[in-house]
Every structure is written in structure tokens, then in C-alpha cells.
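Structure first, then comments.
The values are calculated or read from the model by the stated rules, or taken from the named source; none is laboratory data. This is a predicted model, so every value here is computed, not measured. FYI the Cβ positions are ideal-geometry reconstructions off the backbone, even for glycines, and counts take in every protein chain you see.
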């Protein structure tokens, strides 16, 4: 993508809205094997998270400092209000590391969307959320099968106490939900929110820039547009946190459904 | 005027889930307001319902990219 | 043109297929990096961070339980102190009540004594007065009787013309007359009615 190319498309002078191609930023190599900028951001985010967690839990003070307090409050949120409340106090501890990692990785990568100098929500590239959703999908199937046995797991998809003729229909529906809808929506929800939010912000900022450079009364509208861009940025912050929370919450829900005693 | 008609399709597919998600959370808020101690029980149900309802809108955006003109 | 999938002018040189591909096609490197990075971070969290945090949780809950025990002890102490204070207060209140009761009884006694004394005094005074009055009356009666006797005899002797003094004295006429008068036996008679 280049500004010149975009400019030509709009007929020389007009404004061309940013499109999906703004997300393609290869750094090393090209094509399918390129190391792209979001990959580097992901590695940076993971390193940051790992460093922060290890640094703040090193001293393990009974009365926590600022860093430990932060870590503990996020951990408490994931441990108590997501894992414990949803999976149940019996065997939630097995899944706390998974959910905690998931939440932090997604949250930090989402926040990269509004934090300079990163300004790129990693999860707006579908490869990342799909990989995470796939991980969750594999895990909740495995723990479900471990708990109920291979046949028992598929049987447990159908709620007990249904009239006989309805069982096949419900089974097919549950199968589609279980095998297809859940992982796909889990990944795409995160991707779609990040993608749309980022493209919206790009649109506001580039549109405001375009109007500022134009003549007449348009620069006033450009200033208003940039003000909206700031409001959208704050809104994005909320959405980024919320999506990380929803992703983790739904992962916990799916795992809880798989390990529940009676489906 | 130029553009992708798939975006219209996505807009249409988002109407139903939008209303549905609104209904789910309206019911959830109502329930919690009436019985605050039931929050823990209602929250997973509300989010599960949201996930299922929102699936249609998410399929909409996916298909808007897949079936491009 | 398509808003979401613009084939940029210099398409091939500018990133090729991946620059313009539909955004829902996962890029393989990104996909695998995501898995790898997640796995590494998960390993770090599961092996190091969560056990540490759980240890802090356990220690803190232990500390909180110890603190609770201490707090309970302190509460018990405070309760005991409050109870003894209350008991003292109760004692003091009872004593005060008793004192007040005593004072009231004493006051009533004093008042009763005073009243009795006053009544006795009053009775004595009345008694003395009555006795005096009685004595005076007696003496008045005695002197009156003498006087009346003398006067009437004088009168009678003057009317009769001779002294009845001795006779009266001898016969006790006046006495008898007065006695009759007191008894109500005397009837008014027309003295010299047929004169």
C-alpha cells in the first residue's frame, strides 16, 4: 500500500479510505514466509508479560507493592471471577494458567492498538486469534474426552431428559456448535473487533488529516474529526479490554461445559 | 458510487444479532437488579447466549470477506 | 473497486497476494508464531508465575486467619472489659439507688418525727389553754355564783326589807335556786300576779 497508489485510485485528488491492506506490514522477507510487524509485536508483548510477571512475583511480599498488586489483581480477576465462578471450585485450578496466559496475551496485544509506538492491534491479523481459538478448542475437547471418555463425551453433548425423537436433531445442532461455531466465532469475534476498531481509527485520523490539508472550511471539520478520533481511541481501550475478557470468559465457559458432570 | 455489496450483507446480518444481544443483556441486567445474589449464576448464561447470538453477525463479517464481488 | 480488497496499483511489488488478500485468511507465519509464543508464555506462567501467586495467596490467607484469631482475641478481651465495666456501672447504680432510697426513708422519718412533735406540742398547748380556760371558767362560775347570790340576796333583802343574808346562808336557798335553774326545773312564775 502506498499513499500515492491510494490517491490515484480515487481519481487523482480525492480521499481514499484506508482498507485492509494497511494491515500488511512485512518486516523481514515477503509473501507467506514473511516475518510481519504483528509477529514482532507478539514476541515483544509476550516478553513484556513474562518479564513483568516474573519481576513482580519474585519477592512475593505479603503486603504487595505496586507491581505485585497489579499482577495480583489481574490474576484474581482471572482466577476468581472467571475460572472459579464458571468452571467451579472443584477443578478450576488446572485451567487457571491457561486462562491467565490467554487473558494477558490478548489484553496486552489489544492494548498495543492504542499505545504508541506500537499502534497495531496484533489480534487484527486473523492468524493470531484463530491460533488461540484453536488452542482453546483442542483443549476443551481433550479435557471433555478425558472426563467422559470418547463416546461419553459425544453423548454428553445432548442434554439429558429430552424426548427420544428430538435427540438426533439436537445432537446435530450441538455437534455443529461444538465443532464449528464455537471456535470460529471465538476467533472471529476477537479479530473482527480489533480489525474494525483499528480501521475505524485509521479512517478518522487519515480523513482528518486529509481535511486539514484541504482548503475552505474543511480544516474545521478535520479538527472535529480528530477530536472524534481521540474519543474513538478511548472507546477502543474499552473494547480491547472487553474483548480480552470475553475471549477468556468464553474459553472458561467452553471448558466448563466440557468438564461439567451433566451437560 | 463504488464499494462492496458484501458490506450491505454484513449490515443486514448484524441487525438480528444486535437486537438479540441487546435482549440478552437487558434480561441479564433485569435479573441482576432484581436478585443481585444471582449474578454469578446469570453471568455465564448471559455470555453463552451472547456468544451464540453473536455468531450470526460474526459469520456475516466472515462471509462478507469470503464472497467478495 | 472493492473497498476491502483493493488491488493496489503496484500489487505484486507491494506485498503481493498477502497485501490484498481477504483479511480472514490466516498468514501461516503469524499462525505458527502465535502458537509458539503462546506455548512459551503458557509454560512460563504455569511453571513459575501461577505457583508463586498461589503461594502468596496461601500465605496471605494464613496470615489473614492468624490476624482473625488475634482480632477475635482482642474482641473477647474488649468484651470482658465491657462486661466488667457494665457490672461496675450496675453496682454503682444500685448503690446510688440504695442511698437515694435511704435518704428518702430518712427524710420521711424526719418529717414524721417533726410532725408528731408538732402535733404533740399543739396538743399540749391546746390542753394547757383548755385547762386554763376551764380554771378561769370555774373561778368565774364560783365568783359569779357568789356575786349572783350576794346580789340576789341584796336585792331580795332590799325588796323584803330585811337581811336575808344569814338565812340564805343557812338554808342555801341561792344554791338550790341556781341548781334548779341549771336543771331547768324552775318555771317562770308571775311573782305577785294576783297583786
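Does residue A:32 satisfy the criteria of being out of contact with any strand residue (DSSP E or B) (no Cβ under 7 Å at 6 or more places or on another chain) and either at pLDDT 90 or above or closer than 22 Å to residue C:63 by Cα (or both)?
Working: out of contact with any strand residue (DSSP E or B) (no Cβ under 7 Å at 6 or more places or on another chain): yes; either at pLDDT 90 or above or closer than 22 Å to residue C:63 by Cα (or both): no.
Considered against the rule, which asks whether it is out of contact with any strand residue (DSSP E or B) (no Cβ under 7 Å at 6 or more places or on another chain) and either at pLDDT 90 or above or closer than 22 Å to residue C:63 by Cα (or both), residue A:32 comes out as no.
Taking the condition of being more than 9 Å from every other protein chain (Cβ to nearest Cβ) and closer than 24 Å to residue A:192 by Cβ, how many residues in segment A:117-140 meet it?
Here is the first cut: in segment A:117-140, the residues more than 9 Å from every other protein chain (Cβ to nearest Cβ) are A:117-121, A:123, A:133, A:136-140.
Next, from what is left, pick out any that are closer than 24 Å to residue A:192 by Cβ: A:118-121, A:123, A:133, A:136-140.
Of the residues in that region, 11 qualify.
Go over the candidates A:36, A:57 one by one and state the one that is farther than 26 Å from residue C:57 by Cα, surrounded by 21 or more Cβ atoms within 10 Å (Cβ to Cβ) and either within 12 Å of chain C (Cβ to nearest Cβ) or within 20 Å of the chain's Cα centre (by Cα) (or both). I'd like the intermediate steps shown before the answer.
On the way: A:57 fails: farther than 26 Å from residue C:57 by Cα.
Criteria check complete, one pass: A:36.
Only one residue in A:107, A:77 is surrounded by 14 or more Cβ atoms within 10 Å (Cβ to Cβ), more than 10 Å from chain C (Cβ to nearest Cβ) and under 16 Å from the mean Cα position of the chain (by Cα), so which one is that? Working first, answer last.
Numbers: A:77 fails: under 16 Å from the mean Cα position of the chain (by Cα).
On inspection, the qualifying residue turns out to be A:107.
A quick yes/no check of all residues on (1) in contact with a helix residue (DSSP H, G or I) (Cβ under 7 Å, 6 or more places away or on another chain); (2) within 14 Å of chain C (Cβ to nearest Cβ); (3) over 30 Å from residue A:15 (Cβ atoms); (4) without any contact (Cβ under 8 Å) to a residue 40 or more places away in the chain:
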residue	(1), (2), (3), (4)
B:2	no, yes, no, yes
B:17	yes, no, yes, no
B:22	no, no, yes, yes
B:51	yes, no, yes, yes
B:61	yes, yes, no, no
B:66	no, yes, no, yes
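Could you grab me the full set of residues in segment A:234-261 that are within 18 Å of residue A:107 (Cα to Cα) and surrounded by fewer than 16 Cβ atoms within 10 Å (Cβ to Cβ)?
As a first pass, look at segment A:234-261 and keep what is within 18 Å of residue A:107 (Cα to Cα): A:234-252.
Answer for segment A:234-261, where residues must be within 18 Å of residue A:107 (Cα to Cα) and surrounded by fewer than 16 Cβ atoms within 10 Å (Cβ to Cβ): A:234, A:235, A:238, A:241, A:242.
Yes/no per residue for (1) at pLDDT below 85; (2) within 17 Å of residue A:250 (Cα to Cα):
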residue	(1), (2)
B:12	no, no
B:18	no, no
B:30	no, no
B:46	no, yes
B:53	no, yes
B:61	yes, no
B:69	yes, no
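Going through A:152, A:187 one at a time, which residue ends up being in contact (Cβ under 8 Å) with a residue 40 or more places away in the chain and either surrounded by fewer than 24 Cβ atoms within 10 Å (Cβ to Cβ) or under 20 Å from residue A:242 (Cα atoms) (or both)? Before you say what the answer is, go through the steps one by one.
Numbers: A:152 fails: in contact (Cβ under 8 Å) with a residue 40 or more places away in the chain.
None of the others qualify; the one that does is A:187.
I need the full set of residues from segment B:1-35 which are over 18 Å from residue A:19 (Cβ atoms) and outside any helix (DSSP H, G or I), in order please.
Correct list: B:35 only.
Checking the structure you have, find out if any residue of segment C:68-79 is at pLDDT below 90 and in contact with a helix residue (DSSP H, G or I) (Cβ under 8 Å, 6 or more places away or on another chain).
Taking every residue of segment C:68-79 in turn, none turns out to be at pLDDT below 90 and in contact with a helix residue (DSSP H, G or I) (Cβ under 8 Å, 6 or more places away or on another chain).
Failed condition for residue C:98, given (1) under 30 Å from residue A:57 (Cβ atoms); (2) modelled with pLDDT of 90 or more, with all others met?
The one condition residue C:98 does not meet is (1).
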